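One structure below.
The values are calculated or read from the model by the stated rules, or taken from the named source; none is laboratory data. As the structure is a computational prediction, the values presented were derived from the model and not from experiment. Heads up, the Cβs are rebuilt from the backbone with ideal geometry, glycines too, and the neighbour counts pull from every protein chain shown. Areas reflect the complete protein model, heavy atoms only, side chains present, ligands, DNA and RNA absent. Shrake-Rupley method; radii C 1.70, N 1.55, O 1.52, S 1.80 Å.
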Amino acid sequence: MPAAKWRGRLRREDGNPFSLPTNHITCLYRDGDGTVWVGTSKGGVAYCSVYGLDFSVTALPRHEDASCFWEPGDGSLWIGLDGKGIVQLSADGRVATTIDNTNSALTSNSVIGACRNADGSFYLATYGGGIVRFDGGRLSRPRWGMLPSVRYPHKMAYDAHGNLWIGSVKAGLTRIDASGRATVYTYSNSGLNTNTVTDVVSDRSGRVFVATGTGLAYISDSGGRQRVVAASADTSATSLGRMPITAIAVDGRRMLWVGTAGGLRVYALGGGARPAFRLLSALGPSAGVGVVRAIAEDKSGNMWVTTDRGVLQVTVRAEGGGYRFGCHPYSFGAGGVRPSFAKYSLYCTRGGDIIAGTFGRIVRIDPRSARPWNAARMVTVTGVAVNGQSVRRGGGAIPVLDSGDDLSISVSSFDYMHSADISYLYRLDGDSAWSMAEGNVISLAGMEPGAHVLEITTGTGDGAPPVTRVDIAVRRPVMWSAVFWLLVSFAAVACGYALHVRRKPRRAHAVEAAQPSFGGARGADAEFVARATRIVEEHLGDFEFSVEDFSRLMLVSRSSLYKKLTALTGQSPLEFIRKIRLRRGRELLAGRGLTIAEVAYSVGLSPKQFSKFFKEEYGVLPSRINGDGTEK
């Protein structure tokens, strides 16, 4: 455990809710978790951590996403902003220079990528402004810098022959050789499955890997000819050659790290011109990995990942002829730092710090003194509500529920310093998949009669986190009782006898069943539909997402899901999934510059299926939709 290292002092700051309530301190106490409790005079009790002080936050003079970083070697750090030009920080962290298109040769203020050249200069990728050369603060443009294929560049990397490979947001991949000659590779003339390139990296031997919105490709360098080859011939949506990729990195162990909207996958790379990709691990939501935004390796060989949930440190240990991967969420404690990290904006400095970009500021982490946060703590049930009403728990037990009741359970791990960073996972009756709670509340609806066991846990890290088990009993409705059916049978016999005696013809009446609409749903019903919608949206890119998967994640049986969803929306679960896929597909068709095939794969359908269902739903083919969403 590294020693605590204070980088300043805590004091009362007007307007800052995360400062001390008063500067009059009466007592201090440090608990076993490294939390310091501060007693004050007339200001109550405050708390802070002696750890988590291994980071610093630097505000930038211009409020925009910090998208990329580079270091010329003089101790300064240069930062590209996505819309506000360039900022230089001096060695002591002060803002030294700001550059934009009003005071330099920069033609676009969206600076989103940087690549170091052999002579110590850098090429900068600017959105809409092509490639710019940076040399000691001076900007110039190479003669090929505004070619159509590199006008909207994204990421860049050099291969072993000194060729520069430039990925474009919408024009595929461009190779610039030593003479400045350009060769363009697109969906139509190479192994790319789309012209949307999301990342380009090279390993230490100079092999280049290309991530796209529809799979991974690599540069084959055999027979004296370079070709772009898809990583896999498998056309399924979950294959490496087809999955939508958000970021990639190759570490010093020759492992390929692939980030997606569903988590992180790690592959062992084979050697040679046609590398083999062997899956070592898939780290998803249950490991604390969300939508991956950037990946970087630190000087110790550990990996750092920014996601929509925050920052993860992933450790790699050789074990039993293989590897063991440990995911450690990095917590910024209760200090009010909750950054939303920018895409691709993660960098390991020459000094070994990890820098992540966010809106209007950068976060610098010292991996050498970073203390992984142990999120694996026992969970305690702190509150129970049935149909929106709080109930008392006799002896701590959940009260017996009636069939159809909606149950909400509040939980806590009593980790005050990291309460904003904790995610709670739960599953019902030993289901193989864990679901994530909304905040610290677990909502269960439509449970079938009988005895159930709810398991709740939190944390990732190494080893199995402790699991809290809660017994839930749901009684059968009155219609299931023997007395009820006896009364029904008696009533039926009586009615039959009366009809027989009177022998009167019975007039048929047409009964129209009322169909409840979602628009009228309230309270728990609206929450049920909203949760169903969110679950489907989280699995749009999964071709294999089925009604069985849907019901499992909703924690109800397939029949219960069908009954409740049909009653609330008028749609079967299959129709519900399909409509959400089509609605998202129509949104993607508008103004994204994606092909119909790219849109179809991104919402979990084949192009043929997408066109067929789209025509059934909207009355026109996808090709008839304009860029603004209107019909041609």
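Calculated accessible area for the stretch 34-170 comes out at 41 Å² per residue, all protein chains present (probe 1.4 Å; ligands, DNA, RNA ignored). Within the assembled protein chains, the solvent-accessible surface assigned to Arg62 is about 60 Å², based on a 1.4 Å probe.
Inter-label distance, Arg368 to Val45: 3.7 nm, where each label sits 7 Å from its Cα along the C-beta direction. Exceedance of the 23 Å cut-off in Cα-Cα distance is limited, within the set Lys579/Lys612; Lys170/Lys615; Lys564/Lys612; Lys563/Lys615, to Lys170/Lys615; Lys564/Lys612; Lys563/Lys615. Ligands, DNA and RNA aside, His24 has an accessible area near 120 Å² when probed at 1.4 Å.
In this structure Trp37 has an accessible area near 70 Å², from a 1.4 Å probe over the protein heavy atoms.
Across the protein chains, with a 1.4 Å probe defining accessible surface, the residues Glu544, Glu537 rank Glu544, Glu537 from largest area downward.
Sorting Met378, Met255 on solvent-accessible area from highest to lowest, probe radius 1.4 Å, gives Met378, Met255.
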